[in-house]
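Let me begin by presenting the structure, written as C-alpha cells, before commenting on it.
The values are calculated or read from the model by the stated rules, or taken from the named source; none is laboratory data. For clarity, every value in this text was computed on a predicted model and none was experimentally measured. When we count neighbours, we look across all protein chains shown, and the Cβ atoms used for this are built from the backbone with ideal geometry, even at glycine.
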C-alpha cells in the first residue's frame, strides 16, 4: 500500500503501477495427491469434478481414488454418466450406509492401497494396487487440496472467514474485502466457484469498483 491514497503494485519485472483501487482475481492452486501418474495426466485423464468432466468420461472405465467420504460421493455421482465405475478405497473403510449406496448404484469396489496410475504411451491404462494387481481404467478422479492464492490479500490485512471447505478472505456480495479499496473475486475467495461464476463475480466487482471510482 502506498503512502498516498491508493496502492502501488510492484510487478515481477520491477515495474511499479499506481492504482486507486484493486481487484484481485489470482485464483487458487491444486496440490495434487502424491501418487505417481497423477501430475502427468492431470486435467487430461485425471480429474477432480464430476460435474466438470462426468460427460467427458461417459465411455471410459472410470476409477475414483477415495480419501474419505468424498470419494464415495464422487463414485456414486459418476455412475450417472459412466456405466463402469470402480472405487479404490485405499485406507478408507466405507460405512454400512455408504457400502449400500455403492452397491445400489452398481459401483465396483477395490480394497487395498493404490501405488500408482499405470501410464502407457502417455495414456492411462490402469490403477496398480499394493498387491501388484492392475485394474484397467481409462479415467480417474482424485481429490486435490485446494489452496487459494490469497497472499496479496492477507498481506493487505483482509479479514478472513471460515468457509465450508477452508478458511478464505471475506468478501461481500459485490466482492468488497474488509480493506477499503480492495475487491476480490473468483477462486481466490471462493474455492467452489466454477469458471462461469468466477467470471460473473469478477464482472460484478468491476462494476461496483468503477462506480466507486466515479462517484466516491
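Miscellaneous remarks
- Qualifying residue in the range 168-176 (condition: under 25 Å from residue 143 (Cβ atoms) and either assigned to a helix (DSSP H, G or I) or assigned by TED's automatic domain parsing to the domain that holds residue 53 (or both)): no
- Among (1) under 29 Å from residue 43 (Cα atoms); (2) without any contact (Cβ under 8 Å) to a residue 12 or more places away in the chain; (3) not assigned by TED's automatic domain parsing to the domain that holds residue 90 - the single one residue 132 does not satisfy: (3)
- If the condition is being under 24 Å from the mean Cα position of the chain (by Cα) and within 16 Å of residue 63 (Cα to Cα), then the range 108-136 contributes 113, 114, 115, 116, 117, 118, 119, 123, 124, 126, 127.
- Test: residue in the range 93-100 that is more than 24 Å from residue 165 (Cα to Cα) and out of contact with any strand residue (DSSP E or B) (no Cβ under 9 Å at 6 or more places or on another chain): yes
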